[in-house]
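Structure record follows, encoded as C-alpha cells.
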Amino acid sequence: MPSVVANNLEKRYGKKKDIVQALKGVSFEVEKGELFGIIGPDGAGKTSLFRILTTLLLPDGGTASVDGLDVVKDFKAIRQRVGYMPGRFSLYQDLTIEENLEFFATIFNTTIKENYDLIKDIYSQIEPFKDRRAGKLSGGMKQKLALSCALIHKPSVLFLDEPTTGVDAVSRKEFWEMLRSLKKQGITILVSTPYMDEASLCDRVALIQNGEILSVDSPEGVIASFKHPLVAVKDSNMLQLLNELLRFEGTLDAYPFGEYHHVVLKDGYTASSLTNYLQQQWHVQPDVQTIRADIEDCFIALMKSEEIHH
Amino acid sequence: MNSTTMNTNNTAIQAEVLTKRFGDFTAVDAISFEVKKGEIFGFLGANGAGKTTAMRMLCGLSMPTSGKASVAGFDVYKQTEQIKRSIGYMSQKFSLYEDLTVKENIRFYAGIYGKSDAFIKEKTAFLLKELHLEAEAGKLVRSLPLGWKQKLAFSVAIFHEPEIVFLDEPTGGVDPVTRREFWNMIYKAAESGITIFVTTHYMDEAEYCNRVSIMVDGRIDALDTPAQLKKTFDARSMDEVFLKLARKAKRSD
Amino acid sequence: MKQFISFVKKEFRHIWRDKRTLFILLGMPIMQILIFGFALTNEVKNSQIAIFDQSNDLSTQALRNELDASRYFDVAQDLHAYSEIEAAFKKGTIKLAVIFPENFANDLDHFNTAQVQLVADASDPNVANTLTNYATAIIMDYQDRITNNRKLPYTIKTEMRMLYNPQLKGAYNFVPGVMAMVLMLVCTLMTAITIVREKELGTMEVMLVSPMQPIKIVMAKAVPYLLLSLVNITSILLLSVFVLDVPINGSLLLLIFESILFILTCLAFGLLISTGTDSQQTAMFIALTGMFLPTIMLSGFMFPIENMPLPLRIISNIVPAKWFYYIVKEVMIKGLGIAAVWKETLILAGMLLFLLALSIRNFKIRLA
C-alpha cells in the first residue's frame, strides 16, 4: 500500500473574478520509505499541496490519503502520525534547543529519550548548544533543530515544505545528506523545493508548475524521457553566441546554463552540425559537446511544451 | 574630487578595508574591492557571511565602523542621500505593492526619484510593451504570476535610470525559464551602462557575472572572473568553488 | 495531561522571557492604583481661595479659620475691595472667593440673619459646584454650632450621612474600576495576541498537525494569564487596603470568586477575538476599541451610567465590566453577600458561556 496517494487534487483561492487555481488536478503516489521530491518554482502549488496532504486545507476536488487514511474524513488520525514542517518555519525563538525538542516530544506523547536513536545523527551536532535560544541559532542549526523536532515522535510520513529555501549551497547539501540517512529508518519523506539540482537526490520526483504535474518519475527516468539531442556550447562572447544559436535552423531551443549555453536540437541534427554552423559564423574552434540532460533542462522542456498546449 | 560632482571616472563602487562591527562581533571584516561601471558583479557568500550587512553599507542604509567606501562617487559616510538617489534596489522579499496596480507601482516609484510626468508617461508605455504587460497595466500586482512580478520589479528598480542597481537574490524561487528571461534583462541593463551588483544562491548565475566575490566569515576570500576562480581552486564549476571556500567557514549565520 | 502541562510550561516561559511585557503586565495595575490614588482624583483638595472680609469681627474670623482648617481650602489671599476680586480670578490663583459684608456678626446677633457671598470660578463647572458645596457645608456646620442653644422656628435640619464612604473618598470608586480595567486588558488583549501570534509565526500550523486537541491549546494559553491576573488582583487589593485605606468590607472569598468569573469572561473574549483574525495588529485593534474603550466609558466607572441617554444605557448592559464593577462595589465597599449580587453573577456567567460557545464554534481546526 503506498504511503501517500493524491488523486486529481484541485484547490482554488479567491472569489468570482479573481479566482486562482492553485492545483488543477494533481495525482501521484509515494511508496513507503521513499524520499520523494516535489520540485517546482514559487506559485506552482507546492504549499497548497502539502497543506491538503497534512489535513490543513480541504481540497476543492479530488481525494488524497496518507497511510490509507483519508485526508478529509480521517484527519484526526493523520494528525497523530505525521511530521510536518511548514515553509520558513522558525520554531519558538525564545525557547532553547532542548526546550523546543522537549516540547514537541511531549505534544506527541513521547519523550526525547524514547526516540533519541532516530534523531541522534542530526541532534548530536547541535546538542552541545542545547541551552542556546532558537532565535540565536545559525540557519543551518535551525534546520537541524526543525528536522529533529519533526522526527522526534517517529512519524510514519514526514512532510517538509521548502526546508532549504533561502539557504546557501553548503547547508543545503548537508541537509539532503541528513535526509538520505533517514531513509534507513523507513520513514517516508516528502520534500518540496524550488531548486532543480536537489531533484537528483530524491528516489522519485514530481515536477510541478502552475498547479499541474509535469512529470512523476525517478530522476533518471525524467532525464531518460528527454527526447531530443542536447548540446552544450561555450564561447568568449556568450551574448552574441546565444543570438547565433537561436538563429541556427537546427535549434529547437537555446538558453543560458551557467558556464555553457544549452541547445536543444531538432531530430536529425547533431553536435557536429552545430559545430559546422558555428564555424561558418567565424568561430575558429567552438567548444561544443553533447551532454546528458539535467533535471532543469527537462523542466524547461516540459514547461514550454505545457505552454504550447494551453 | 568635489563632493557634489557625479562620478566621472570608471569606478562605480569602491570599498577600502570596509568594516562593520556590532559590539565585539565583526560582521564585515575589512573588505576591499572595486566594481567598474557597467559591470555585472556577483556578490556571493553563505548565509551569515556578511553579505547583507555589506550591501546595507553600500546602499547608505548602515554606517560603517571603519574603512572607506564610495558608491557612484559618493561617500557612504557623509553622502548617503546622494547615494540613494543614484541607485536602484530590488530584493526577493520586497519588490512591489501587491494591492496597487502595475501602473500605480511604476508611477509611485518613479515619483520617489523625482521623475517628471512626461518621462514617466513615456517610459511606462515603453516598459509595458517590453514586458508584454500592456493588457495587465490596470491589474493588481498580486494577481500577476511570480515570474512577471519579479521582472516588473526589476524594471521598476531601474526605471529612474540609476547608475547602479543592487539586486538581493532577485531570482529566488522563480521558475527556470523566467530566471533566464530575468538575466536577459540584466544583460540589457548592463549594456546600457547600469552597473549590476547582485547576490544569489544559484551558482549557475555566478557564471553570468563578469566578476564574482565570495565572502566567508566577513572577509572576501575570493574575487575574480568565474573562469579564473575555477582555475585557481581547481574546480569544474562555480558550485565546486563555492563549496571549497564555504566549507572552511567557521561561522554560519 | 502531560501534553497540556508541557504547553502551559512553554507559555510561562514565553511570558517570563519577554521581560518588557511582563513588567507592564504586573507593574501596570500597581502604577494605575498609585496614580489614581495620589495624582488623579475627583476630589478637590487644597483649593486656593480668597476672603474679602468687610466686617472683620469674631464671627468672620471664626469662619475664616474653619475654612482654612478644612483640607479642601487654603486661604491664599485676603482681598480689600470688590475690584480686586475679578483681578484675582483672572490671574487664576484662586478658585473661590468668600465675601463677608460689613456688620456680619452684628446682623447675625440682632437680626438673626446674615449673608455670605460665594463667588466661584465656573469655567470648570464641576469644580465650582464642588467648592461651593464644600464651603456651604462648612458654613452650615458653623451655623449649627452657634445656633445650638437657640430655638429657631421652622427649621429643617438636613442631616447627611455618607454611607460606606463617609469621607467621600474617590478611591472607593476607582479601585473596582481599576480592577475591571486591568483584568480586561491583561486577559482579553494578551490572550488574543498570544494566540494570533502563533498563527503569524506559523507554529499554529504545526500545532494543528499534531495530536494536541485545539481546545487544549487554547486553554493552555489562557492558564498563565489567569494566574497573572490573580497576582494582579492581589497587588491591587493589597495596595488598596494598606496604601489607600480602602477596606474590604465583604467576603474576600466571594470577591475572589467573582474576580475569577470575570477573568474567565475576559479570557473567553480574547479567545473570540483571536478566532476572527490572523494578524496581531488587528487583534490588538479590536481588543482595544471593541472592548477596552467601552469598558472605560460604559462600565459606570468614569461616567455614571444613569446620566447617559437610553441607547447607551442599554448598550452598557452588554459590557461585562459594568456587571463586574457593580458586583465589586457591592461586595467590597458595601460588604454585601451573594444574596445581593446573585443576579449580576448569573449575568456574568451567562456571558462567559456565550462567549465560550461562540469561540469554540468559530475556532478553525484548518487553515481556511
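Read the figures in this text as sums done on the coordinates, not as results from a lab. Being a predicted model, the structure only gives us computed values, none of them experimental. No Cβ is skipped: glycine too gets one built from the backbone with ideal geometry, and neighbour counts run over all protein chains shown.
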| Do the sum for chain A: with -39,500 (n - 2.57) for every DSSP H run of n ≥ 4, divided by all residues, what is the mean residue ellipticity at 222 nm, to the nearest 500 deg cm²/dmol? | -10000 deg cm²/dmol
| Points 7 angstrom from Cα along the Cβ direction at A:GLU220 and A:LYS234: gap in nanometres? | 2.8
| query | With a 10 Å Cβ neighbour count serving as the proxy for reagent exposure, in which order, fewest first, do A:ASP70, A:ASP117, A:ASP168 appear? | reply | A:ASP117, A:ASP70, A:ASP168
| field | Cα gyration tensor shape for the protein assembly as shown, rounded if a/c is under 1.5, else prolate or oblate | value | prolate
| task | Consider all pairwise Cα distances in chain C and report the whole-number % of them above 32 Å. | result | 49
| query | Hey, got the dipole for segment C:31-77? About the Cα centre, +1 on K and R Cβ, -1 on D and E Cβ, debye to the nearest 20? | reply | 200
| task | Could you tell me which of rounded, prolate or oblate describes segment B:84-184, using a ≥ b ≥ c as the square roots of the eigenvalues of the alpha-carbon gyration tensor, with rounded for a/c under 1.5 and, failing that, prolate when a/b is larger than b/c and oblate otherwise? | result | oblate
| query | Which angle between 0 and 90 degrees, to the nearest 10, do you get for helix B:176-191 versus the longest principal axis of chain B when only C-alpha atoms count? | reply | 90
| said: Order C:44-53, B:122-131 from most to least packed using the mean count of other Cβ atoms within 10 Å. | reply: C:44-53, B:122-131
| remark: Taking Cα atoms only, helix C:252-275 is inclined relative to the longest principal axis of chain C by an angle, in degrees rounded to 10, of 60
| query | Where does each of B:LEU146, A:LEU57, C:LEU96 land when they are ranked from fewest to most other beta-carbon atoms within 10 angstrom? | reply | B:LEU146, A:LEU57, C:LEU96
| field | Whole-Hz couplings from phi, Karplus 6.51/-1.76/1.60, listed for segment C:206-215; x for Gly and Pro | value | 5, 5, 5, 8, 7, x, 5, 6, x, 5
| remark: Quick note on A:CYS149, B:CYS59, B:CYS209, ordering by fewest other C-beta atoms within 10 Å, gives B:CYS59, B:CYS209, A:CYS149
| task | Return the distance in nm (one decimal) between the two label points of a simple spin-label model at B:LYS248 and A:GLN280, each offset 7 Å from Cα along Cα→Cβ. | result | 4.9
| request: Kyte-Doolittle cut-off -1.0, length cut-off 24 Å along the helix's own axis using Cα: show which whole DSSP H helices in chain A pass. | output: none
| task | Compute the separation of the alpha-carbon centres of segment A:131-180 and segment B:1-80 and state it in Å as a whole number. | result | 33
| said: Given axes a ≥ b ≥ c from the Cα gyration tensor, I'd like to know whether segment C:295-368 is rounded (a/c under 1.5), prolate (a/b larger than b/c) or oblate. | reply: oblate
| remark: Checking segment C:1-89 for GluC sites (Glu not before Pro) in a loop per DSSP with at most 16 other beta-carbon atoms within 10 Å yields C:GLU43
| Linear extension gain, C:GLN115 paired with C:LEU58, 0.36 nm per residue minus alpha-carbon span | 19.0 nm
| query | For the Cα atoms of chain C, what angle does the longest principal axis make with the long axis of helix C:58-69, in degrees from 0 to 90, nearest 10? | reply | 20
| Counting DSSP beta bridges with both partners in segment B:1-127, what percentage is antiparallel, nearest 5? | 100
| In cubic angstrom, how much convex hull volume per residue do the alpha carbon atoms of chain A span? | 164
| request: Using only Cα positions of segment A:68-107, each an equal point scatterer, no hydration layer, compute I(q)/I(0) via Debye at q = 0.16, 0.34 Å⁻¹ and quote the log10 values to two decimals. | output: -0.56, -1.11
